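Comments concern the structure below.
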Amino acid sequence: MTELNLLPLVGIIVIIIGFAMRFNPLLVVSVAGLITGWAVGIDFISLIANFGEKFMNARQLASFLLILPVIALLERYGLQQRAKAWVASIKGATTARILSLYFVVRECSAALGLLSLAGQAQTVRPLLAPMAVGATANQYGDLPKEIKDLIGAHAAACDNVAVFFGEDIFIAFGAVLLMDAFLQENGIAGIEPLHIGLWAIPTAIAALIVHLFRLARLETHIRKAIAEHRQKASKNAAETADDSAQLREETV
Amino acid sequence: MTPVSHEQHASALLTIENIYLLIGFVVMFLVVKTLQDKQHPKRFTTALFWFLFGSVFVFGDASIALVGEQLTYLWVGVAVIIIALLAGLNLVSMGHYELPEEQAKQQDAERLGNKLFIPAVMIPMVTVICTLILGDIKLAGWHLFDQQHVTLSALTLACGLALLASWKITGGTPVRALSESRRLVDSIGWAAILPQMLAMLGGVFIVANTGTAIQELVTLFISPDNRFMLVALYCIGMALFTMVMGNAFAAFPVMTAGVALPFLIQGHGANPAALVAIGMYSGYCGTLMTPMAANFNIVPAALLDLKDKYQVIKVQIPTALTLLFINILLMYGVIF
């Protein structure tokens with residue numbers, strides 16, 4: 001047996017410490033890469049070239065930059081305001097209902113392989129988040145930043161959870177093909193991608209139930225958070241009033 | 001030139017190289033706009049940050065053709081280090097943007113009505129339709145789309161068409177659209193580059209055999225007779241390793257070859273299809289909980305301008321942990 005070589009793990013420790021200390025993630029990741037390369041004895045020049053090669057080969061990850069000009073222009077002409085107004089005109093539209101409807105549509109379409117039908121840049125920022133925020137604002141008036149952030153984060157989470165747990169049902173998706181290839185490489189025959197896709201269904205249903213249950217409770221959560229915020233705000237206002245009253249007395 | 005190589009290269013109108021060039025030009029336009037922004041607190045360093053990033057797209061492929069792969073990868077690697085330093089030293093920031101009053105936007109919104117949604121909805125719709133219908137279409141022997149990157153080509157075409165549509169609907173020109181996008185790109189900031197940085201780190205981990213080290217470490221804690229512990233270790237290991245790598249695909253071969261294959265499939269005769277399907281989903285539970293999955297968790301937080309960059313992750317943790325627990329029980333129940 002070879003003895004345990006833990007040096008390649010030093011990069012993981014750098015990442016955990018770096019994120020915990022809240023250093024800039026770009027810096028943390030680069031330092032983790034440099035230290036890992038150094039720990040296992042890759043020479044510096046080829047390590048830098050390896051950085052460059054991998055960075056270049058991953059350029060398609062930046063393709064969302066092409067979507068932004070369209071979204072930015074539409075926002076300049078009131079897209080988010082329109083989304084809010086549109087939701088306000090629908091009777092019975094609540095944040096939870098909008099997010100739940102989106103979740104179901106997104107998970108089902110992902111299961112059919114329509115992964116690029118939506119996404120964080122295409123749909124969540126310009127449409128889903130403003131609609132979800134708009135529904136609550138419709139009920140309670142102008143919202144504090146923390147409530148808007150909470151709803152926005154839930155909108156982003158809906159997209160992630162729905163697409164992750166829907167996509168593996170679709171048998172032509174990369175993950176399923178990867179699993180199939182792995183089994184074949186390791187000498188396990190007779191498994192079709194279809195079998196793998198079928199076994200993704202129970203977890204996909206569980207994800208649907210768990211997340212819709214959480215969304216159903218979101219409304220109550222938002223109501224409480226708003227009440228708390230108002231209480232705090234009125235308390236602060238009262239304190240400021242007290243302070244200024246005191247100040248006036250002192251000056252008098 | 002042989003016909004075969006003709007088929008492989010330059011046989012598409014919208015090649016991946018052209019898409020990279022396009023992204024590069026968009027970024028370079030933002031660099032010029034940043035330099036023109038006299039009220040920008042960190043004008044030059046922010047411009048340098050985006051210039052280096054844009055260079056990889058504008059000059060990358062030309063550089064490979066001119067000076068070869070090795071030299072190109074080297075300067076890109078150096079550029080990446082400088083990018084990380086600029087971000088790490090907090091030299092990249094938001095600039096100054098002229099925004100219309102909320103009231104003016106409200107008026108525009110009322111005037112334009114639901115037509116405003118058309119270009120936004122066009123992007124996903126056109127992408128899907130083009131992927132399905134135009135994927136194999138040829139014009140005079142040329143593929144319309146790069147055959148290796150059909151979805152990305154379709155997305156690019158969809159963005160172009162949506163840009164024209166939004167020009168027609170709002171009256172704002174494409175140049176204006178690009179200028180406006182600086183506000184969005186700046187608010188995303190360094191997070192826009194994180195996914196590529198992580199792909200880079202994944203590459204280094206592979207070269208450094210980090211996976212093997214984890215596998216050896218994990219093997220120390222396994223008692224090969226305890227079925228439930230093996231299942232739990234595989235599922236939790238998939239989630240944890242995915243959190244570190246930011247990608248369940250990277251964690252999957254390591255954890256499956258290290259734990260599932262020898263102990264569960266060969267040792268206990270588990271059903272492979274159910275095992276790998278549920279195992280991969282356990283990895284996805286990890287994806288929901290890690291900043292390393294930047295394009296799912298950190299980029300949206302920036303896109304939505306959340307105060308807490310980790311709030312999307314925090315919202316996802318209860319769902320992720322519940323599903324991980326369900327996956328463990330489900331796997332234990334069905335694979336034996």
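The values are calculated or read from the model by the stated rules, or taken from the named source; none is laboratory data. Predicted, not measured: the structure shown is a model, and the values here were computed from it. With ideal geometry, Cβ positions are generated from the backbone for all residues, glycine too; neighbour counts draw on all protein chains shown. Areas reflect the complete protein model, heavy atoms only, side chains present, ligands, DNA and RNA absent. Shrake-Rupley method; radii C 1.70, N 1.55, O 1.52, S 1.80 Å.
Structure summary
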{"read-out": "C-alpha long axis of helix A:44-57 to longest principal axis of chain A, angle in °", "value": "70 degrees"}
{"read-out": "Exposure ranking of B:R43, B:R227, A:R59 by accessible area [1.4 Å probe, largest first]", "value": "B:R227, B:R43, A:R59"}
{"read-out": "Fluctuation leader among B:L275, B:L66, B:L86 - chain B, Gaussian network, Cα springs under 10 angstrom", "value": "B:L66"}
{"read-out": "Given chain B, longest segment not containing exposed loop GluC sites (Glu not before Pro) (DSSP; at most 14 other Cβ within 10 Å)", "value": "B:102-336"}
{"read-out": "Accessible area of chain A belonging to carbon and sulfur atoms, whole % at 1.4 Å probe", "value": "63 percent"}
{"read-out": "Segment A:21-56 and segment B:23-87: distance between their alpha carbon centers, rounded to Å", "value": "18 Å"}
{"read-out": "10 Å binning of all Cα-Cα separations within segment B:159-268, expressed as whole percents from 0 upward", "value": "12, 29, 18, 14, 13, 10, 3"}
{"read-out": "Calculated FRET efficiency for the pair A:Q139/B:V175, C-beta based, R₀ 41 Å, to 0.05", "value": "0.55"}
{"read-out": "Surface accessible to a 1.4 Å probe, per residue, for the residues of segment B:185-317, Å²", "value": "30 Å²"}
{"read-out": "Computed E for A:K91/B:M125 - FRET, C-beta separation, R0 30 angstrom, nearest 0.05", "value": "0.65"}
{"read-out": "Accessible surface of chain B, 1.4 Å probe, proportion on carbon and sulfur as whole %", "value": "66 percent"}
{"read-out": "For the protein assembly as shown: rounded, prolate or oblate by the Cα gyration tensor [a/c cutoff 1.5]", "value": "rounded"}
{"read-out": "Probe 1.4 Å, protein heavy atoms only - accessible area per residue of segment A:7-84 in square angstrom", "value": "36 Å²"}
{"read-out": "GNM flexibility winner over chain A from A:A58, A:A88, A:A110 (Cα, springs under 10 Å)", "value": "A:A58"}
{"read-out": "Global geometry of chain A, whether rounded, prolate or oblate, following the gyration tensor of its Cα atoms and the 1.5 cut on a/c", "value": "oblate"}
{"read-out": "Cα-based Rg / Dmax (Å) for segment A:178-219", "value": "15.9, 51"}
{"read-out": "Whole-Hz ³J(HN,Hα) from phi, Karplus 6.51 cos²θ - 1.76 cosθ + 1.60, for segment A:81-98, glycine and proline x", "value": "4, 5, 4, 5, 5, 5, 5, 4, 7, 8, 6, x, 6, 10, 3, 5, 5, 4"}
{"read-out": "Relative contact order, percent, segment A:85-239 [alpha-carbon distance under 8 Å, six or more residues apart]", "value": "29 percent"}
{"read-out": "Orientation-averaged projected area, Cα convex hull of segment B:192-336 (nm²)", "value": "8.5 nm²"}
{"read-out": "For B:L91, solvent-accessible area (1.4 Å; no DNA, RNA or ligand), Å²", "value": "60 Å²"}
{"read-out": "Estimated buried accessible area (total), pair A and B, 1.4 Å, Å² to nearest 100", "value": "11000 Å²"}
{"read-out": "Residue pairs, from the table B:K38/B:K309; A:K235/B:K307; A:K224/B:K314; A:K145/B:K33; A:K145/B:K307, whose Cα atoms sit over 20 Å apart", "value": "B:K38/B:K309; A:K235/B:K307; A:K145/B:K33"}
{"read-out": "In Å², nearest 10: area of A:T94 left accessible to a 1.4 Å probe", "value": "30 Å²"}
{"read-out": "Cα shape, chain B, gyration tensor, a/c 1.5 rule", "value": "prolate"}
{"read-out": "Diffusion constant of segment B:1-113 at 25 °C, which comes from Stokes-Einstein with the Kirkwood Cα-pair radius and 0.890 mPa s, µm²/s", "value": "144 µm²/s"}
{"read-out": "Taking segment B:196-292 and dividing mean pair separation by its residue count, relative contact order in percent (alpha carbons under 8 Å, at least six apart)", "value": "35 percent"}
{"read-out": "Evaluated at q = 0.15, 0.19, 0.30 Å⁻¹: base-10 log I(q)/I(0), Debye formula over Cα of segment B:213-277", "value": "-0.40, -0.65, -1.49"}
{"read-out": "A:L177 - accessible surface, heavy atoms, 1.4 Å probe, Å² rounded to 10", "value": "80 Å²"}
{"read-out": "Selected from A:N160, A:N138, A:N236 as most flexible by GNM, with chain A as the system and alpha-carbon contacts under 10 Å", "value": "A:N236"}
{"read-out": "Point-to-point label distance, B:D305-B:V334, nm (Cα→Cβ direction, 7 Å offset)", "value": "4.4 nm"}
{"read-out": "Accessible-area order (highest first, 1.4 angstrom probe) of the listed residues B:V78, B:V218", "value": "B:V78, B:V218"}
